[in-house]
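Take a look at the structure set out below.
The values are calculated or read from the model by the stated rules, or taken from the named source; none is laboratory data. Just so we're clear, the structure is a prediction, and the values are computed from it rather than from any experiment. FYI the Cβ positions are ideal-geometry reconstructions off the backbone, even for glycines, and counts take in every protein chain you see.
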Amino acid sequence: MQLNSLGFPRIGRFRELKFALEKYWRGEIEQSQLTDISRDLRKSHWQWQADAGVKLLPVGDFAFYDQVLTLSATLGAIPERHRGDAGIDIDTLFRVGRGRAPTGNDAPAAEMTKFFNTNYHYIVPELTADQTFEIGYDQLFEEVSEVQALGYQAKPVILGPVSFLYLSKSVGSDFDRLSLLPQLLETYQKILTRFNSQGVEWIQLDEPVLALELESDWQAAISQTYTALTEGDLKVLLASYYGSIAHQHSLVSKLPVAGLHLDLVTAPQQLSTFVATLGQEQVLSAGVINGRNVWAADLDNIAAQLSSVARDLKQRLWLAPSCSLLHSPVDLEVETALSPVLKQQLSFAKQKLTELSKLKILLNDADSVEAKAIVVECRSRRSARAEAANQQVIARVTALTEQDYERDDLFAVRQAAQRQKFRLPLLPTTTIGSFPQTLAIRGLRSRWRKGEISLEQYNDQLRQVTRDTVERQLKLGIDVLVHGEAERNDMVEYFGEQLDGVGFTQFGWVQSYGSRCVKPPLIYGDVSRPAAMTVQWAEFAQSLTDKPVKGMLTGPVTILHWSFAREDISREQIATQIGLAIRDEVVELQNAGIGIIQIDEPAFREGLPLKKSDWQHYLNWAVNAFKLSAAGVTNETQIHTHMCYSEFNETIAAIAAMDADVITIETSRSRMELLNAFEDFNYPNEIGPGVYDIHSPNTPTVDEIVSLMQKAAQKVPVEQLWVNPDCGLKTRTWDEVEPALVNLVAATKILRRTL
Ligand code: GLN
Ligand code: ZN
C-alpha cells in the first residue's frame, strides 16, 4: 500500500518563502539567494514526505508565485505585455502575478481569482483566439532532476488540460476556449514525453473541474484528453478533489487512466461507486485525510471504512490526503503556545503525512501493538472533544424558534421608524468601517503585544486615534460616522480572539496568493461571547458626536468561512452559534445607545458550494445565521450589512431574504453593473453602491462620483440610495482617503440638488 502526496505547502513553516520573495522584490537579495532558499525549502519538504513513507514525491507543488502560473509558463502561455526579450524566467512570473519584477517593464498584472471554493487565489491564464502553446519554461523539469538527485522518485503534479482551459479566460475576442484543446494536448504530450525521458513513471493530472456540474462539451473534452494523454508510457493518475465526482461516474470510469484519486473527505459515498468499476490494473488513491482542515483524523473510523477495499485492492490502494496540503498550515510541532488539549486535536501538513502512515499500520497490521496504541489515541481524542461541549450554548440553539430570526416588523415599518429617528438627508453618506491602519497604529499594537506598553497605554492611544478619526469625519461632513476600527488587526481575528470556543496558532499560516498568507482562527468548540467585544469603542466614538456612529461587527457566515471550523457538528450549527454570539453584541450595542449597526458579510458568496444543486441549502442556513445575528433589535435600530467581491445575479433572492435595512456593496469597478440584479429584483431595502474603488490609490473625482450615482439612480429609486466607498479604507493612507471623501461629500451635495 503506497502513500500518495498530492502536494505540500511551499511557503515554509516560518513563511521563509514569503520573506525571501518580498526581499527579492524590494531588491534586498539577489535572485540566486531566492532560488537557494526555495531549493532548501523543497528539499526539506520532500525529506519530510519521504520520512513519512511517501515514495513518489510530488513535483510542481512548489511555485515562485502560483502553480497555475508556473503551468502557463511551461505551456508558453504568457501574456504579450509580460514577456521580456529573454524568454520566460522567474521575473516573468512576477510580472504576470504582480505587475512588476526587478527586471523587465511594469505592466498590469493578470487577474487573480479564488481556486474553486478555496481561499487560494490563482493567476487566471489569458488565452487569445490564435493562442499557440509550446514548452516555454523549464522549472518543472529542473525540479524533477532536483528530487532525483536527492535520491527520490518524482511524480509531477500538474493541472490537467481541461481544468487549465476552464480556469483560463479568453482575451481579445470571445471564443470557445475548447477550440484550443487539440493544440494544448500536443503540448501536454510533449511535456509528458519529456518527463518520461527523465525517468518519471507516474504523473498526476489534476482535474478539479470534475467536481462541477460540467456541460457536455467539457465532459467530451475530458474523454478526448485522457484518451490522448494515456497513449505514451507514462502512468497517469487522474486526480479530482473538493467535491464528489459521482455524477461523472460513467464518464470517468471509462477513461483509460492508470489511477484515479478521489476526495473521500468531502464525498465519502463515492468510494463504493468507483471501486465497483475500477479496472483490473487501476490504482485508487483514496483521499481520506482532510487536506483543507487542521483537525487530527479519526484514523480508526477511516480504517474501518477502508478495510474491505484495502483487502480487495491490496497494492492498488493508495492512501492520500483529500487534496494538496497547500491549504493547511505546515507544522504543528512549532506551536508552543497552544493548550495541550487543543494541540492534541490538531494535525497540520507534516502531521497529516504521519497520519497516512499510521492509517497504513491500522490497515496492514491491525493486531500490532502499534495499531492498538493508535486506536487508543483516537478514542481519547474523541472523548476529550465530547467533554469540552458547552451545554449552555447547545441548549440555547435548541431553544431557538422561528421568531428569533425575524425583526419585529416588516422593512417598510422599520424604515419609517428609522427615518423618524435619524432624520438623515436624502442620499446619506457613510463609510464601510475601517480608516487607515497607519504604521503608527500597527507599531502601537506590536509594542503592546510585546509587552512594551500596558493595555491601558495601548487603549489610551487607540482612543486618541478614534477621536481623531471621528473629528476628521465631522469635518468632512459625513452623515453616518464610524469609529474607524483602529483597534482591530483583522476583521475575523479580532472577534475570534474574544469568543469562547475559538483558538489561535502562532504559525498556522496558509498561502492565500503570491507571498500573502492568512492565519485563520480555529473554531474548536461551541462558540459563545463571554463579554462585550466592541461596545466600549462604539460608545466612546458616539460620546464624541451627536451624529450617529455605526457599530461595526463581522457576521457569522464570514467568521465561519475565514476560520478552520470543527467537523463534528455541521457548518450550519456552527454558524448558528456564532450568529447568537453576534446577536448578543448587537443587542448590547443597541442598549448602549448605538442606533445603527453594521454586520459585515464579505465572505457570504464565497461559501457557495461547487454544485449549483447544493446552493439553496447553503443559502438557507447562511441567510438564517445572519438574520439570527440581526433580529434581536427594535424597529428603530438600523441594521446594515456589507459585501464586497460579490456578484449578485444568482443570489439576489437570498440577499433580499437577509432583510438588512441597508446593504453596502462594491460597485465602482463594475460601473454600477452589479446593481442590475437589485434593479431586476425590485430590491426593496436601502442600498449603498460603492463609488470609490478603495483598491486603487487614485482619487475619484466629483464628476466620476456624480456620474456613478446618476447611473445608480436609474436602477434604484434615489430615496433608497446611500453614498459610500466600495469597502473599508484600512489599506489606504489619510492622504488618499481625505481628498476622496471630500469629493464624495461634494458630489453628494450636487446630487441632492439635481437628482
Ligand atoms: N468593516 C470592514 C472594514 O471596513 C469591512 C471589510 C471587508 O468588507 N472586507 O474594513
Ligand atoms: Zn468590503
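Answer with yes or no whether Ile574 is in contact with a Phe, Trp or Tyr (Cβ under 9 Å, 6 or more places away or on another chain) and surrounded by 17 or more Cβ atoms within 10 Å (Cβ to Cβ).
Numbers: in contact with a Phe, Trp or Tyr (Cβ under 9 Å, 6 or more places away or on another chain): no; surrounded by 17 or more Cβ atoms within 10 Å (Cβ to Cβ): yes.
It is false that Ile574 is in contact with a Phe, Trp or Tyr (Cβ under 9 Å, 6 or more places away or on another chain) and surrounded by 17 or more Cβ atoms within 10 Å (Cβ to Cβ).
What are the pairs, 6+ residues apart or on separate chains, where a residue within the stretch 706-721 that is more than 12 Å from Ile687 (Cα to Cα) has its Cβ under 7 Å from a residue that is crowded, with 19+ Cβ neighbours inside 10 Å?
Between residues of the stretch 706-721 that are more than 12 Å from Ile687 (Cα to Cα) and residues that are crowded, with 19+ Cβ neighbours inside 10 Å, the close pairs are Val706/Ala747; Val706/Leu751; Leu708/Ser668; Leu708/Met672; Leu708/Val691; Lys711/Met672.
Matching residues to (1) closer than 30 Å to Ser339 by Cβ; (2) basic (Lys, Arg); (3) touching a helix residue (DSSP H, G or I) at 6+ places or on another chain (Cβ under 6 Å):
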site	(1), (2), (3)
Leu359	yes, no, yes
Leu362	yes, no, yes
Ser368	no, no, no
Arg381	yes, yes, no
Asn390	yes, no, no
Asp408	no, no, no
Ala416	no, no, no
Leu424	no, no, no
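Can you name the residue in the stretch 455-475 that is surrounded by fewer than 18 Cβ atoms within 10 Å (Cβ to Cβ) and closer than 22 Å to Tyr692 by Cβ and is also nearest to ligand 2 (Cβ to nearest atom) among such residues?
Arg472
Being more than 23 Å from Ser434 (Cβ to Cβ), in a loop (DSSP other than H, G, I, E, B) and of a type outside the set (Lys, Arg) is the filter here; which residues of the stretch 659-700 pass it? So that I can check it myself, show each step before the final result.
Taking the stretch 659-700 as the starting set, the residues that turn out to be more than 23 Å from Ser434 (Cβ to Cβ) are 659, 671-673, 675-685.
Subset that is in a loop (DSSP other than H, G, I, E, B): 659, 671-672, 682-685.
If the condition is that a residue be more than 23 Å from Ser434 (Cβ to Cβ), in a loop (DSSP other than H, G, I, E, B) and of a type outside the set (Lys, Arg), then Asp659, Met672, Asn682, Tyr683, Pro684, Asn685 are the ones that fit.
Tell me, please, whether a residue that is in contact (Cβ under 8 Å) with a residue 40 or more places away in the chain, farther than 27 Å from Leu332 by Cβ and out of contact with any His (no Cβ under 6 Å at 6 or more places or on another chain) can be found in the stretch 33-42. Working first, answer last.
First, the residues of the stretch 33-42 that are in contact (Cβ under 8 Å) with a residue 40 or more places away in the chain: 34-35, 39, 42.
Within this subset, residues satisfying the condition of being farther than 27 Å from Leu332 by Cβ are 34-35.
So of that shortlist, the ones also out of contact with any His (no Cβ under 6 Å at 6 or more places or on another chain) come out as 34-35.
Within the stretch 33-42 (the criterion being in contact (Cβ under 8 Å) with a residue 40 or more places away in the chain, farther than 27 Å from Leu332 by Cβ and out of contact with any His (no Cβ under 6 Å at 6 or more places or on another chain)), the answer is yes, since at least one residue qualifies.
Exactly one condition in (1) away from ligand 1 (no atom under 13 Å from the Cβ); (2) assigned to a loop (DSSP other than H, G, I, E, B); (3) touching a residue at least 60 places away in the same chain (Cβ under 8 Å) is not met by Asn649; state its number.
(3)
From the list Val623, Val633, which residue is away from ligand 2 (no atom under 16 Å from the Cβ), on the phi < 0 side of the Ramachandran plot, β-branched (Val, Ile, Thr) and assigned to a helix (DSSP H, G or I)? First the steps, then the outcome.
Values: Val633 fails: assigned to a helix (DSSP H, G or I).
Being away from ligand 2 (no atom under 16 Å from the Cβ), on the phi < 0 side of the Ramachandran plot, β-branched (Val, Ile, Thr) and assigned to a helix (DSSP H, G or I) holds for just one of Val623, Val633, which is Val623.
If you check every pair at least six apart or on different chains, which have Cβ atoms under 9 Å apart with a residue in the stretch 428-446 that is farther than 13 Å from Gln473 by Cβ first and a residue that is more than 11 Å from ligand 1 (Cβ to nearest atom) and at pLDDT below 95 second?
Here the result reads Gln437/Asn489; Arg442/Asn489; Arg445/Asn489, each pair linking the stretch 428-446 to a residue that is more than 11 Å from ligand 1 (Cβ to nearest atom) and at pLDDT below 95.
Look through the stretch 495-551, keep the residues that are polar (S, T, N, Q) and not in a loop (DSSP other than H, G, I, E, B), and return whichever of them is nearest to the chain's Cα centre (by Cα).
If we filter the stretch 495-551 for residues that are polar (S, T, N, Q), which is where we start, we get 498, 505-506, 511-512, 515, 528, 534, 536, 542-543, 545.
Cutting the leftovers down to not in a loop (DSSP other than H, G, I, E, B) gives us 511-512, 528, 536, 542.
On the way: Gln511: 10, Ser512: 7, Ser528: 24, Gln536: 31, Gln542: 34 Å.
This residue is Ser512.
Provide a single number: the residues in the stretch 426-454 that are more than 32 Å from the chain's Cα centre (by Cα) and either of a type in the set (A, V, I, L, M) or within 16 Å of ligand 2 (Cβ to nearest atom) (or both).
3
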